[in-house]
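**Q** Please see the structure below; I have some questions.
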Amino acid sequence: MEKILTIIALLSMSASSVAHQQPVLDQISVSGQANVASVPDLFEFSVYVEEQGERVQDLNGLVAAKTQAIIDNVVKFGVAKQDIQSMRVQLNPWYEHKQNETRQMGFRLSREINFTLRNIEKYDQVIDAVLSTGVTRIEGFTYRVEDPQPGYLQALELALTDAKLRAKRMAETLGVKLGKVLTIQENSSYSPAPMAQESLMRSQSSNSLPGQIQTSARVNVVFLLVE
């Protein structure tokens, strides 16, 4: 029995010694954030062509002809054909309501055409050319940056610098020094929000072009604190 008690005591002393010798890490977790402004280089919008009638074959011919006219008008302003997409087509029944009665009169065929302009200063001329073809509606005016990664990487570097500055100030206030970095966590991704221009149709001046798009980056950094 005494032998067992002696072993338990030795194990307790050994565990206490290891716990005493193991250093306790003092650390600080800091968030950093930064924004970088980028000038948009793309302008995107969508137009819709719609026809209704009794025969789908006739409707398809009308929509196809009008679609081609729109594309031909836009191409004249230097818009590349690869920047034009017109694959989405919808066919729905066409109903009319008369004297408390609903009757199917035929079908409604519509096609969506998406445009990407790389020379955004010509947006108003392109829109006028599209409207002259008699489109059903036009919407989705958006400015964006084609390659957002460089701006995001710059914002990420600034966010890390911001985190380090915050941690350094906090450490100095506590009377300790900032040590090595323990962990870094990226809390964002490079996806600048597109800038919508809802009132674009009413503008007749290039002054309506956007100034800049903000790209944000956020990080969380854990630093070691040393005396």
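**Q** Examine the range 120-130 for a residue that is of a type in the set (D, E, K, R), surrounded by fewer than 15 Cβ atoms within 10 Å (Cβ to Cβ) and either over 22 Å from PRO148 (Cα atoms) or under 32 Å from the mean Cα position of the chain (by Cα) (or both), and state whether such a residue exists. Talk me through it step by step, then tell me what you get.
**A** First, the residues of the range 120-130 that are of a type in the set (D, E, K, R): 121-122, 124, 128.
With surrounded by fewer than 15 Cβ atoms within 10 Å (Cβ to Cβ) added as a condition, the list becomes 121, 128.
After this cut, where a residue has to be either over 22 Å from PRO148 (Cα atoms) or under 32 Å from the mean Cα position of the chain (by Cα) (or both) as well, the list is 121, 128.
Yes, because at least one residue in the range 120-130 is of a type in the set (D, E, K, R), surrounded by fewer than 15 Cβ atoms within 10 Å (Cβ to Cβ) and either over 22 Å from PRO148 (Cα atoms) or under 32 Å from the mean Cα position of the chain (by Cα) (or both).
**Q** Shifting gears a bit: Name the pairs whose Cβ atoms lie under 7 Å apart, with the first residue in the range 109-120 and in the same structural domain as ARG137 (by TED's automatic domain parsing), the second in a strand (DSSP E or B) and among the small types (Gly, Ala, Ser), and 6 or more positions between them or separate chains?
**A** Pairs found: ARG111/SER86; GLU112/SER46; ILE113/SER46; ILE113/SER86; ASN114/SER46.
**Q** Can you pull out the residues in the range 132-182 that are charged (D, E, K, R), within 20 Å of PHE43 (Cβ to Cβ) and touching a residue at least 12 places away in the same chain (Cβ under 8 Å)?
**A** Going through the range 132-182, the residues charged (D, E, K, R) turn out to be 137, 139, 144, 146-147, 157, 162, 164, 166, 168-169, 172, 177, 180.
Within this subset, residues satisfying the condition of being within 20 Å of PHE43 (Cβ to Cβ) are 137, 139, 144, 146-147.
Within the range 132-182, ARG137, GLU139, ARG144, GLU146 meet the criteria.
**Q** If the requirement is being at pLDDT 90 or above and of a type outside the set (Gly, Ala, Ser), which of these qualifies: VAL47, VAL56, VAL89?
**A** Going through VAL47, VAL56, VAL89 in turn, just one is at pLDDT 90 or above and of a type outside the set (Gly, Ala, Ser): VAL47.
The values are calculated or read from the model by the stated rules, or taken from the named source; none is laboratory data. This one's a predicted model, so the numbers in the text were calculated from it and none came from an experiment. Cβ atoms come from the backbone with ideal geometry, glycine included; neighbour counts cover every protein chain shown.
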